[in-house]
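Comments concern the structure below.
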Amino acid sequence: MSLCISFTSTEESLTQAFSPFGKVLDANIVRNKVTNKSKGFGYVTFETEEDAEKALVNMNGKMVDQRVVLVDKAWPDNRKAKNVG
């Protein structure tokens, strides 16, 4: 799932916030390549789609790291799958 997050969030704080809804396989924050600072969004991957749905329903609009988190389903980038540029 994709997230709009606090610029101070860490992979660990996201894992901790979302783990009550199921097993978190990965938490990833998108960062600026030069400064390594958060761009304010990231992704959390759950073991099951059901766990992801629970997190989506329960965490959207909640506070994490002093900011309201916006949660949405993430969709695969089909351009890579089709080898389109």
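The values are calculated or read from the model by the stated rules, or taken from the named source; none is laboratory data. For clarity, every value in this text was computed on a predicted model and none was experimentally measured. For neighbour counting, all protein chains shown are included, and Cβ atoms are generated from backbone atoms with ideal geometry for every residue, glycine included.
Per-structure values
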{"item": "Identity of the residue in segment 16-39, surrounded by 15 or more Cβ atoms within 10 Å (Cβ to Cβ) and not aliphatic (A, V, I, L, M), that ends up nearest to the chain's Cα centre (by Cα)", "result": "18"}
{"item": "Candidates 22, 85 - the one that is in contact with a helix residue (DSSP H, G or I) (Cβ under 8 Å, 6 or more places away or on another chain), more than 17 Å from residue 4 (Cα to Cα) and modelled with pLDDT under 95", "result": "85"}
